[in-house]
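Input: a single structure, listed below in C-alpha cells.
The values are calculated or read from the model by the stated rules, or taken from the named source; none is laboratory data. These numbers come from a predicted model, not from an experiment. Methodologically, a virtual Cβ is constructed for each residue, glycine included, from the backbone with ideal geometry; neighbour enumeration extends over all protein chains shown. For accessibility, only protein heavy atoms count, side chains too; no ligands or nucleic acids. Shrake-Rupley method; radii C 1.70, N 1.55, O 1.52, S 1.80 Å.
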Amino acid sequence: MNRLLRWAVLAGCLFSSLSASAQTSSSPLVAHAGSSRQILGNPSSEKKIEALLRQMTLEEKVGQLVQYSAGQPTGPGTGRADYDTMIRKGEVGALFNITTAREVNAYQRIAVEQSRLHIPLLFGLDVIHGFRTEFPIPLGLASSWDTQLVERAARVAAREASASGVRWTFSPMVDIARDARWGRMAEGSGEDPYLGSAMAGAYVRGYQGPRLDAPDSIAACPKHYVGYGAAEGGRDYNTVELSEHTLRQFFLPPFHAAVDEGAATLMSAFNSLNAVPASANPFTLKQILRKEWGFQGIVDSDWTSVAELIAHGIANDGATAARKAFLAGVDMDMVSSLYHENLAQLVRSGEVPETAIDEAVRRVLRVKFALGLFEHPYADETREAGAMLHPESVALARTAAERSFVLLKNEGSSGGTPLLPLSNETKTFALIGPLADDPNDMLGSWGGLGRPEDVITLRAALTEQVGGDRVRYSKGTEIIGGSDEQLAEALKAAEQSDVVILALGENGPEMTGEAASRAHLGLPGRQQELLEKIVATGKPVVLLVFSGRPLTLPWAFNHVAAAVAAWFPGVQAGPALVRTLFGAVNPSGKLVVSWPRSVGQEPLYYDALSTGRPIGGSNLMPPPPVVEDKFVSRYIDEQNTPQFPFGYGLSYTTYRYGLLEISKTQLSAKSLNEELHSSERSSNPSMSVSTEITNTGTRIGEETVQLYVRLQGTSVAQPVRALSGFQRVTLSPGQTKKVTFALGPQAFAFWDSQNNFSVEPARVTLWVSPDSSRGSEALLQITN
C-alpha cells in the first residue's frame, strides 16, 4: 500500500511522511532514508538463516517460536519443569525472567553446546524503567518532555540488563492512555500520540543503541499492540472498541514511531479490538504492521494471550487458538505452550502452511543474528557486578526524577510569597505520611531488579539536608489502614513544626501498573482524614502526591499551599525531592495526562473532538439570539474542564509568551500533499511559527514550549487542539529567546473519511503555549 504513515524523531521534534511503497513480508528489515532504523537482516546473515532452515526439522522450527518463563514468574506458573530437556531437543527459542549472567549462561550452554543445531536462546525481561538503577516510572519520565533524557535512561537500563545476560526488554509500553482508572497508565507516556511517538522512539534508540550486536545493547519490544490503553471502564484486559480512524489517528502512531526507529520486536496485546482479540487480528498484525509498515521483527504474544483466545470465545481448544494466533501474525507464543503442543500437527494436517512457519522462524533468527548471539552467545560474568549502579547512572536517575516532578500549585498565605522553595532558615519541619520513608514504594510498579536498599528516601534526604533535630517525622497512617494513635502522633508533629511536608498517595507496586485498575481515584485508606486534620492545624502544607496516575484531590488542591506530582521517582527519590523543594532545582515537569477533578470525568483527554453543542459555542457558528447553557455537552454536577490540563506545570519563575509570527498565512493542499507523498523529504519547511518567550521571574528556569494545531472545515472532525511540536528552552531571569517551529505537511495531515493520510483544505488555528488550555494564536488557511 502507498498509505504508509512514517514517524521519526529529529532534534526533539516529530515528523511524519509517506513512503512510496511498503516492503514485502519476505524482505529483511532495511533502513529508510532519513531514518535511524537499524538493519536486522543483511546478506551474510540471510544466507546463514536459509542454511539453518534447510537443516531444521519441523519440531525444531516450531521450537524457535516457543518462549517460557524459567525464572521467578510475574504471573501464573507455566506448569512446565522440563526446560533443560526441551532446550536440548531444540524445542525452545526464548526464555525470560532469568536475571543473572550465571543462570543465563547455564541455559545457553545447553542450547549452544548440547542441541543439534547449536542455536542460541534469546533471554528477555520486563526492564520497564531501569534494571538495577531504577528511574522514575515511565509516566514520570515522560513528564520531563525530554526525549534525550529518556534515551539516556534506556541506555543505562540496557547496559545493566545486558551485563546480566538479558538481551531483550519487553518495553517500551507505548499505549495511549486516556483513562486514569487504568493502572497501566503508569507504564506509558500519557494521552497524546505526538508526545507518545517521540518517547517511543527515544526508548528504542536507548535500548538498542547504535548497533544491536554491541554487547551492551538489548532488543526493544513496544507493547501492547494495539488499543490496550482504551480498555472499557479502565478495567485491565477489558474490551476495546475503536473505529479505524481513531485507531490510526491516535493509537497507532507511537507503535509506528517505534517500528520506524528500528524496534526489533513487538508484543501483541491481551484485549479484543472491535471484537477481534489483538493476538489473533490479521488486520493489525499483517495488513498494517507487516504490509503497510514493513515490520520484519518478531511479534511476541503477551503472557498466555494465545491461550486466552479460548476465554475470548474465538477458539474452543488449544489447537484452534494456536492456529488463529499464528496465522494472524503472532510469531512467538509466550508461556502458554500451545505452539509447542499444536503447531507441528497443524502443519502436518495442512491447516498451517510450513512456509508460514519458515517465515516466522526467519524473523526470530534475524533478531538473534542482529544481536550477535551466534558469535557471542554467553554473557561476560565478570562484567555483571561492576555494571550496576554506576555513579553516573545514579546521578542520571536523580536528574530524571527532578525533571519528572510537576509543580501543580504554589501559593503563599494571603497572596504572599509562594511557599516553595522552602528556606533552610525554617526552624522545624514535620515530615508526615506513609510514603515519606518507604523505599519499596519509590520503585513503583515493574521495579526490575531495583532493591529497597538502593533507594534514598525523602526522610533520609531531608534529615541530611537540615539535620535530624529539625525534622519531626510521623507516618501518620498506613496507605491502607492506620490507627488513631498514628493520626494523633502526626498532629502533634505538625503542631510543633513550622512547615509540614505531607507525603501521600498510592502503593506503587500493588496499586499501580498491571491488574491495578481503580474505580475510586482519591487517596486510599485514612489518608484524606490525615490530610484534613493536618491542614486544620493552620500550618503551611506542601503536599507530595506519589502515584502512578493523577488522583482526584479537589479538596487538597483547594486547601494546601503547595502541591507536587512526584509519581514514583526511583532510587534517587529523596535527594531529587529535597533539591527541588529547597530550590536547588527549579521544577520543569509538565503533565502528559489531563488531571481529573472527579472519576466521573474519565476518560478525560485534551485532544477530544468538539460536539455539535460545545460549551462556549463554536467560533465557526454565529451565536444564537438567546444563549441557552443547559442544552450543551456538559455535566450538571461537575465541571467539564480538568483540575489541571495536559501540558500544565508551574515553575519557581514566571514566563511571558509573546504574539505569534507566522511565515505564511496561506498554503496549498495540493502542494502539501505532493510533498507528503514524495519519497524524498524536503529540507525546506512549508512554513514556520515563532514567538518570544521571556523569563519574567528571578530564577533561571527551563520551559517546555508547546505548539498546538486545530483544523476546521475538513472531511472528518479534528481535535479541538492537537500537539504538533515542543521545545525545551532555558532562560535566565529577564532573558528573552525566540522559539521557532518549522512545520512540514505532516503537521496538517490526518486520516480522512476514507482512511487516507492526507492534507485537506482547512482553516488552521495555531497556538504556542505553556499548556493545552491557553496561549497566543494565529490563523492560517489551507486552500485547494
Cβ-Cβ under 9 Å pairs, at least 6 apart or on other chains, segment 770-784 side without any contact (Cβ under 8 Å) to a residue 24 or more places away in the chain, far side in a loop (DSSP other than H, G, I, E, B)
Arg774/Pro645
Where the second residue is basic (Lys, Arg) and exposed (fewer than 15 other Cβ atoms within 10 Å of the Cβ) and the first is free of Cβ contacts under 8 Å to residues at least 12 places away in the same chain and lies in segment 634-653, which pairs have Cβ atoms under 9 Å and are six or more apart or on separate chains?
Ile636/Lys630
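Of these, Leu667, Leu707, Leu672, which one is under 30 Å from the mean Cα position of the chain (by Cα), within 30 Å of Arg248 (Cβ to Cβ) and either in a loop (DSSP other than H, G, I, E, B) or not basic (Lys, Arg) (or both)? So that I can check it myself, show each step before the final result.
On the way: Leu667 fails: under 30 Å from the mean Cα position of the chain (by Cα); Leu672 fails: under 30 Å from the mean Cα position of the chain (by Cα).
So the residue among Leu667, Leu707, Leu672 that is under 30 Å from the mean Cα position of the chain (by Cα), within 30 Å of Arg248 (Cβ to Cβ) and either in a loop (DSSP other than H, G, I, E, B) or not basic (Lys, Arg) (or both) is Leu707.
Going through segment 99-116 one residue at a time, which ones are open to solvent by less than 50 Å² (accessible area, probe 1.4 Å) and among the aliphatic types (A, V, I, L, M)?
Passing the criteria: Ala101, Val104, Ile110, Ala111, Val112.
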Specify the residue that is farthest from Arg763 (Cα to Cα); the eligible residues are those in segment 624-662 that are touching a strand residue (DSSP E or B) at 6+ places or on another chain (Cβ under 8 Å) and either open to solvent by 70 Å² or more (accessible area, probe 1.4 Å) or at pLDDT below 95 (or both).
Thr654
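Filter segment 323-337 for residues that are within 30 Å of the chain's Cα centre (by Cα), more than 15 Å from Gln64 (Cβ to Cβ) and not polar (S, T, N, Q); which is surrounded by the fewest Cβ atoms within 10 Å (Cβ to Cβ)?
Keep residues of segment 323-337 that are within 30 Å of the chain's Cα centre (by Cα), which gives 324-337.
Still in the running and more than 15 Å from Gln64 (Cβ to Cβ): 324-325, 327-329, 335-336.
Then drop every residue that is not not polar (S, T, N, Q), which leaves 324-325, 327-329, 335.
Working: Lys324: 21, Ala325: 30, Leu327: 17, Ala328: 21, Gly329: 25, Val335: 26.
In this case the residue turns out to be Leu327.
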Determine, yes or no, whether Val306 is closer than 23 Å to Asp358 by Cα and under 23 Å from the mean Cα position of the chain (by Cα).
no
Please go through segment 679-690 and give me each residue that is surrounded by 13 or more Cβ atoms within 10 Å (Cβ to Cβ) and either in contact with a Phe, Trp or Tyr (Cβ under 6 Å, 6 or more places away or on another chain) or without any contact (Cβ under 8 Å) to a residue 40 or more places away in the chain (or both), ordered by number.
Val689
Just give me the residues in segment 527-541 being part of a loop (DSSP other than H, G, I, E, B) and open to solvent by less than 60 Å² (accessible area, probe 1.4 Å), in sequence order.
Thr537, Lys539, Pro540
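Residues Glu341, Glu359, Glu351: which one is in contact with a Lys or Arg (Cβ under 7 Å, 6 or more places away or on another chain), surrounded by fewer than 17 Cβ atoms within 10 Å (Cβ to Cβ) and under 25 Å from Trp303 (Cα atoms)?
Values: Glu341 fails: in contact with a Lys or Arg (Cβ under 7 Å, 6 or more places away or on another chain); Glu359 fails: in contact with a Lys or Arg (Cβ under 7 Å, 6 or more places away or on another chain).
The conditions single out Glu351.
Against the definition (part of a helix (DSSP H, G or I), among the polar types (S, T, N, Q) and modelled with pLDDT of 95 or more), how does Asn586 come out, yes or no? Give the derivation first.
Working: part of a helix (DSSP H, G or I): no; among the polar types (S, T, N, Q): yes; modelled with pLDDT of 95 or more: yes.
Here the answer is no, as Asn586 does not meet what is asked.
So, in segment 239-270, of the ones that are among the polar types (S, T, N, Q) and surrounded by 24 or more Cβ atoms within 10 Å (Cβ to Cβ), which residue ends up farthest from Ile176 (Cα to Cα)?
Quick first cut of segment 239-270, residues among the polar types (S, T, N, Q) only: 239, 243, 246, 249, 265, 268.
Right, trim to surrounded by 24 or more Cβ atoms within 10 Å (Cβ to Cβ) and you get 265, 268.
Numbers: Thr265: 19, Ser268: 15 Å.
The qualifying residue farthest from Ile176 (Cα to Cα) is Thr265.
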Those residues of segment 570-600 which are out of contact with any Gly (no Cβ under 7 Å at 6 or more places or on another chain) and of a type in the set (Lys, Arg) amount to Arg579, Arg597
Given the conditions (1) touching a residue at least 40 places away in the same chain (Cβ under 8 Å); (2) in a loop (DSSP other than H, G, I, E, B); (3) more than 17 Å from Thr654 (Cβ to Cβ), every one holds for Gln754 apart from (1)
Go through (1) within 23 Å of Ser144 (Cα to Cα); (2) within 26 Å of the chain's Cα centre (by Cα); (3) buried (at least 20 other Cβ atoms within 10 Å of the Cβ) one by one and return the number of the condition Gln727 breaks.
(3)
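Considering segment 396-426 alone, what residues qualify as being of a type in the set (D, E, K, R) and touching a Gly at 6+ places or on another chain (Cβ under 7 Å)? It would help to see each step written out before you state the result.
In the first step, residues of segment 396-426 are kept if they are of a type in the set (D, E, K, R); the result is 398, 402-403, 409, 411, 425.
Arg403 - this is the single residue of segment 396-426 that is of a type in the set (D, E, K, R) and touching a Gly at 6+ places or on another chain (Cβ under 7 Å).
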Is there any pair with a first residue in segment 573-586 that is in contact (Cβ under 8 Å) with a residue 60 or more places away in the chain and a second that is open to solvent by 30 Å² or more (accessible area, probe 1.4 Å) and in a helix (DSSP H, G or I) whose Cβ atoms are under 6 Å apart and which are 6 or more apart or on different chains, and what are they?
Gly574/Ala460; Pro575/Arg398; Ala576/Arg398; Val578/Gln465; Val585/Arg579
Within segment 487-499, count every residue that is part of a helix (DSSP H, G or I) and either open to solvent by less than 40 Å² (accessible area, probe 1.4 Å) or closer than 16 Å to Val541 by Cβ (or both).
7
Test: Leu365 is out of contact with any Ser or Thr (no Cβ under 6 Å at 6 or more places or on another chain) and either crowded, with 23+ Cβ neighbours inside 10 Å or free of Cβ contacts under 8 Å to residues at least 12 places away in the same chain (or both):
yes
Filter result (among the small types (Gly, Ala, Ser) and either surrounded by 20 or more Cβ atoms within 10 Å (Cβ to Cβ) or free of Cβ contacts under 8 Å to residues at least 24 places away in the same chain (or both)) within segment 437-460
Gly444, Ser445, Gly447, Gly448, Gly450
Long-range neighbours under 7 Å by Cβ, at least six apart or interchain, first residue within 12 Å of Phe326 (Cα to Cα) within segment 345-360, second open to solvent by 70 Å² or more (accessible area, probe 1.4 Å) and among the acidic types (Asp, Glu)
Val347/Glu354
In segment 76-128, anything of a type in the set (Ser, Thr, Tyr), over 13 Å from Pro377 (Cα atoms) and touching a strand residue (DSSP E or B) at 6+ places or on another chain (Cβ under 7 Å) is listed as Thr78, Tyr83, Thr99
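Hey, does segment 115-124 have a residue that's over 12 Å from the mean Cα position of the chain (by Cα) and on the phi > 0 side of the Ramachandran plot? If you could, list the steps in order and put the result at the bottom.
Filtering segment 115-124 for residues over 12 Å from the mean Cα position of the chain (by Cα) gives 115-124.
The next check asks that each one be on the phi > 0 side of the Ramachandran plot; those that pass are 118.
Yes, segment 115-124 has at least one match.
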Going through segment 380-422 one residue at a time, which ones are outside any helix (DSSP H, G or I) and surrounded by fewer than 13 Cβ atoms within 10 Å (Cβ to Cβ)?
Thr382, Gly416, Thr417
If I ask for residues that are in contact (Cβ under 8 Å) with a residue 60 or more places away in the chain and not in a strand (DSSP E or B), which ones from segment 714-723 would you list?
Val716, Ala717, Gln718, Val720, Arg721
Residue check: is Ile137 among the β-branched types (Val, Ile, Thr), more than 28 Å from the chain's Cα centre (by Cα) and either modelled with pLDDT of 95 or more or open to solvent by 30 Å² or more (accessible area, probe 1.4 Å) (or both)?
no
